[in-house]
Amino acid sequence: MRNYWYISLTNEYPRTIDDCSVRVVRSVQIKGKYSIVEMTREATPKEIDKCKLIYCGHGYWKDEYIQYNIERYIRWLKGYSKCKKP
């Protein structure tokens with residue numbers, strides 16, 4: 001199944017509110033300053049704003065463009081964090 005891939009800038013990800021809701025997050029890889037989130041559906045605008053999600057693509061983990069976009073945003077994040085003033 002093809003999934004939607006996001007990078008979360010806050011290490012947060014959309015969670016189901018109750019036990020009856022359909023699970024939308026398939027997996028989360030939590031790193032130091034970001035998380036890689038795999039979802040079964042596209043994130044809503046509220047979820048994007050709340051969790052500060054960056055869209056990386058729709059497909060499988062092994063797809064070349066998914067890997068390229070994730071690596072590109074991670075490199076951008078690392079460069080951005082070095083430029084921040086204390």
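The values are calculated or read from the model by the stated rules, or taken from the named source; none is laboratory data. Worth saying up front: this structure is predicted, and the values here are computed from it rather than measured. Here the Cβ positions follow ideal geometry from the backbone for every residue, glycine too, while neighbour counts run over all protein chains shown.
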Within region 1-29, restricting attention to residues that are among the aliphatic types (A, V, I, L, M) and surrounded by 12 or more Cβ atoms within 10 Å (Cβ to Cβ), which residue is modelled with the lowest pLDDT?
24
Top-ranked residue in region 71-86 [being of a type in the set (Lys, Arg) and not in a helix (DSSP H, G or I); ranked as modelled with the lowest pLDDT]:
85
Being among the acidic types (Asp, Glu), in a strand (DSSP E or B), without any contact (Cβ under 8 Å) to a residue 60 or more places away in the chain and in contact with a strand residue (DSSP E or B) (Cβ under 8 Å, 6 or more places away or on another chain) narrows it down to one residue among 42, 38; which is it?
38
